[in-house]
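The values are calculated or read from the model by the stated rules, or taken from the named source; none is laboratory data. Everything numeric here is computed off the predicted structure, so don't read it as measured data. Counting neighbours? That spans all protein chains shown, and the Cβs are built from the backbone with ideal geometry, glycine included. Keep in mind that these areas ignore ligands, DNA and RNA; they rest on the heavy atoms of the full protein, side chains included. Shrake-Rupley method; radii C 1.70, N 1.55, O 1.52, S 1.80 Å.
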Amino acid sequence: MLNAKNNKLTVPVELSRYVIKHSLEKSFAIYLYLKFHSSGKIHKDDPVFHSIKKDLGINTNRTFQKHFQKLIDINWINLSEDSGLYYIRGFDRIRLETQCKNRQATTLYYKNLKKLKAFLVGTILGAAVNGQKYYWEVAKKRKLKPVANNRDATSPAKAYANRPKPEYYGLSLPQIGEMLGCKKTRASQLRQQAAKAGFIKTRHRFKEIARLPRPDHNVRNYLNELYPKLKGKIRFSMIGYKGVVTILVLVQSHDEIIPNLQFKSISKFSNLVVAPQIKLAITKRQNNAEKIAA
């Protein structure tokens with residue numbers, strides 16, 4: 001890849017969710033590439049536009065123009081016709097435009113830009129798991145449930161308020177699918193991609209449901225008929241103690257997820273560095289949109 005001016009960027013977690021929700025991954029990759037290679041503005045004839053397609057694996061100019069035009073349409077990039085300069089909007093401006101108020105962010109290194117989809121998935125899953133951990137290990141102990149509610153959009157306090165503390169922190173495939181807007185099979189694939197890229201770690205977890213004094217080759221079929229949802233999730237493990245062998249019947253539970261990204265806090269939404277006239281224009285535009293929607 002072309003040498004970058006910036007080695008890393010601090011990407012808001014809620015913006016990662018926004019990108020996934022609106023299927024903007026390829027456009028976002030272009031936006032980030034330009035931020036890595038500039039201080040916020042680039043001339044339309046800059047050599048960076050000759051390398052961007054190759055570095056991001058975009059095969060055709062038509063595909064690039066499609067995703068680049070999307071950035072202009074949503075005002076993440078703006079062209080000054082007089083100067084020929086493209087202005088790359090800052091994260092504060094985009095947070096204001098998209099109403100991303102959450103203060104969590106993750107660090108994206110330039111070397112990982114080609115793994116952007118996995119990074120976004122790792123960010124979203126990692127933030128959700130951190131939300132669980134914060135609730136049980138900090139907010140619950142201090143009885144500060146409202147704080148836990150506000151720290152992350154996944155609201156772990158609401159999800160776990162009436163449950164005992166879990167043995168580990170993780171997410172089921174239906175939960176992941178809901179977060180990423182996809183089905184369970186795709187959710188599993190995306191989780192694996194994030195783990196393979198090193199943005200999260202996963203550990204298989206199993207729950208013991210029975211113990212057998214000896215092998216029983218019919219028990220699997222029996223359990224599959226009795227509990228159809230367990231099909232494909234049943235495992236057997238043999239243990240021995242003082243010469244006595246016992247067969248454990250186990251059911252695969254959702255995987256433990258361990259975040260492997262750098263999370264940090266960023267500016268409060270009320271402290272975003274955006275010119276007052278721009279704030280006013282965005283607020284008016286959003287208010288008009290709400291009136292039309294109503």
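Brief remarks follow.
- Scanning segment 115-143 for residues that are out of contact with any helix residue (DSSP H, G or I) (no Cβ under 7 Å at 6 or more places or on another chain), open to solvent by 40 Å² or more (accessible area, probe 1.4 Å) and in contact (Cβ under 8 Å) with a residue 40 or more places away in the chain yields K115, N130.
- Selected residue [among the β-branched types (V, I, T) and closer than 18 Å to V129 by Cα] from I209, I200, I234: I200
- Unmet requirement for D92, which otherwise passes all of (1) assigned to a helix (DSSP H, G or I); (2) under 29 Å from A195 (Cα atoms); (3) of a type outside the set (K, R): (2)
- Highlighted here are the strands (runs of 3 or more DSSP E) found entirely within segment 195-272 that include at least 1 residues which are touching a residue at least 24 places away in the same chain (Cβ under 8 Å), open to solvent by 80 Å² or more (accessible area, probe 1.4 Å) and polar (S, T, N, Q): 263-265.
- Out of Y87, Y134, Y109, sole residue that is over 24 Å from V273 (Cα atoms) and modelled with pLDDT of 90 or more: Y134
- Within the set N6, N59, the sole residue that is open to solvent by less than 70 Å² (accessible area, probe 1.4 Å) and in a loop (DSSP other than H, G, I, E, B) turns out to be N6.
- Sole exception among (1) within 25 Å of P174 (Cα to Cα); (2) not in a helix (DSSP H, G or I) for T107, by number: (1)
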